[in-house]
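The values are calculated or read from the model by the stated rules, or taken from the named source; none is laboratory data. Everything numeric here is computed off the predicted structure, so don't read it as measured data. All Cβ positions, even for glycine, are placed from backbone atoms using ideal geometry, and neighbour counts span all protein chains on display. Just so you know, the surface numbers come from the protein's heavy atoms only, side chains and all, with ligands and any DNA or RNA stripped out. Shrake-Rupley method; radii C 1.70, N 1.55, O 1.52, S 1.80 Å.
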Amino acid sequence: MKRLKQHAIWGRRGSFILAATGSAVGLGNIWKFPYIAGENGGAAFVLLYLACVALVGIPIMMAEIMLGRRGRANPITTMNNIRTEAGASWFWTLIGWLGVIAGFLILSYYTVIAGWTLDYFALAVQNKFVGLDGDSSNKLFDALLADRSRLVQSHTSFMAMTALVLMFGVNKGLENVIRWTMPILLLLLLALLGYAYTTGELLTSARFLFSFNVEDLSWNATLIALGHAFFTLSLGMGAIMAYGAYMPSTAAIGKTVIIVALLDVLVAIITSLFVFAFVFATPGIQASQGPGLIFVTLPVAFGSMPAGLFIGSAFFLMVILSAWVSTISLLEPAVAYLNERFDFHRISACLIVAGAAWLLGLGSVLSFNEWSDQELIWGMNFRTSIDFFTANLLLPIGGLLIAIFVGWVMNIEITKHEMQQDSPYLYAVWRFVLRYFAPLAVLVIIVNGVYPVLTVVVAE
Ligand code: PHE
């Protein structure tokens with residue numbers, strides 16, 4: 001009874017969609033997607049990504065929400081409840097553990113990068129972008145990465161902002177925040193797209209993103225696209241499962257997920273459209289320039305546009321907000337676990353989890369300077385190892401287990417019951433994809449992605 005009471009359902013209509021979209025839309029869409037698309041051949045990558053979202057991401061997201069709503073608790077307790085209900089082994093509780101651990105690991109470096117947006121917001125409001133060109137913008141960004149204390153400061157602030165909201169709980173804290181951040185974010189993206197139109201490069205950008213060559217498709221890009229589909233939809237790390245636990249039983253899971261995924265894809269595409277339009281309109285900047293893309297190219301554009309002070313500040317403010325709503329969802333599963341399982345007060349639970357993630361994040365801070373060439377595993381430094389390990393391994397493995405559990409282990413009558421608000425046709429297609437296609441696709445891609453790396457390591 002206590003569990004149900006703690007998991008008071010979202011207070012207002014539409015809150016689940018807003019919260020799930022808020023979790024999904026974040027640095028993954030605005031920072032990561034444009035640069036990995038740029039590095040992996042543009043249009044070919046976009047196509048792979050859309051396919052991964054539609055064929056694997058959406059079905060698994062539906063399954064993950066279903067688990068959360070059925071279990072009505074944090075991911076670990078949820079999985080334990082449901083596997084008991086299904087009469088299945090304790091092994092399946094691992095899904096909950098994997099999710100909470102992956103979420104925690106991602107949170108640790110996510111706030112470091114989100115911290116850059118705090119820094120850049122401060123630069124924007126002081127009108128520091130005026131007169132920047134490609135070179136000086138690169139220098140400005142490099143100076144930030146080299147400055148450990150600035151990085152630690154912003155990492156700390158971001159973690160604190162995240163913990164603060166959850167101390168107030170899901171309804172009072174999170175629900176209040178998402179109701180105003182999400183609509184503003186969408187308006188701002190559209191405004192930026194409108195501005196990008198005036199650069200005259202929107203068409204070049206669209207061509208870069210949508211006209212593809214078959215030879216650009218590669219296994220490596222497929223693995224990255226799949227990992228990103230999981231990352232951007234917040235799958236496999238407990239966040240969506242934890243939010244699903246607050247979803248009313250009367251809501252249609254399938255329809256909701258399709259809306260959330262569409263919004264998420266839309267944000268990634270709109271952002272990429274205007275980011276690449278700015279890239280092509282600015283001499284000396286490459287589309288394949290990597291993690292610095294939005295921190296190097298956009299400031300140059302902001303510095304030279306008439307309303308740059310306003311647009312630049314508003315842009316970075318919105319990135320902050322979208323990242324903030326995502327970090328909140330990364331922190332929630334572990335906080336809910338400590339709160340429900342060990343009766344920690346929400347405030348202490350927030351302090352413990354956020355404190356530990358903050359500590360681990362210091363390794364990521366150092367990965368941008370002192371440790372940048374320091375190999376942790378397989379030629380990657382601390383931060384890129386965590387990124388690879390979570391996005392390319394933990395999340396797909398979590399997703400694979402979710403698909404197998406819901407598709408093969410969970411009682412079919414229960415899944416039917418949970419999906420009764422959706423059409424029987426959607427249910428049939430979903431179940432088929434979840435049982436056969438999704439696990440196979442994820443498995444092949446995990447093996448293909450890890451095998452070459454492993455053989456290189458073994459050969460050495
Ligand atoms: N989906 C978020 C993004 O694209 C990242 C995230 C992952 C947030 C998992 C919460 C949970 O930025």
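The reciprocal of the average 1/r between distinct C-alpha atoms defines the Kirkwood hydrodynamic radius, which for segment 77-224 equals 20.3 Å.
Each principal axis of the Cα atoms in the chain has its own extent, and those three values, largest first, are 64, 49, 48 angstrom.
Exposed loop positions in the chain were taken to be chymotrypsin sites (Phe, Trp or Tyr not before Pro) whose DSSP state is not H, G, I, E or B and which have at most 15 other beta-carbon atoms within 10 angstrom. Between these positions, the longest stretch is 1-341.
The angle between the Cα long axis of helix 346-367 and the main principal axis of the chain comes to about 40°, on a 0 to 90 degree scale. Note that segment 205-213 has calculated 3J(HN,Hα) couplings of 4, 4, 5, 4, 8, 10, 9, 10, 9 Hz, one per residue in order, obtained from phi through the Karplus relation 6.51 cos²θ - 1.76 cosθ + 1.60 (θ = phi - 60°); glycine and proline are x. For segment 145-154, 3J(HN,Hα) computed residue by residue from phi via the Karplus equation (6.51, -1.76, 1.60; θ = phi - 60°) reads 5, 7, 9, 4, 6, 5, 5, 5, 4, 6 Hz, glycine and proline entered as x.
Once the chain from Ile259 to Ser89 is taken as fully extended at 0.36 nm per residue, the excess over their C-alpha distance is 57.8 nm. Across the chain, how many lysine pairs, 8 or more positions apart or on different chains, have C-alpha atoms separated by under 22 Å? Please give the number. Going through the chain pair by pair, I get 5.
Its DSSP H runs of at least 4 residues, each contributing -39,500 (n - 2.57), put the calculated 222 nm mean residue ellipticity of the chain at -23000 deg cm²/dmol, to the nearest 500.
Once you reduce segment 192-207 and segment 110-132 to the center of their Cα atoms, the two points are 23 Å from each other. Mean sequence separation of contacting Cα pairs (under 8 Å, at least six apart), scaled by the length of segment 15-459, corresponds to a relative contact order of 35 percent.
Counting only protein heavy atoms and using a 1.4 Å probe, what share of the accessible area of segment 15-459 belongs to carbon plus sulfur, as a whole percent?
Values: 11140 of 16360 Å².
Summing carbon and sulfur atoms, their accessible area is 68 percent of the total for segment 15-459.
Per residue, segment 15-459 exposes 37 Å² of accessible surface when a 1.4 Å probe is rolled over the protein heavy atoms with every protein chain present.
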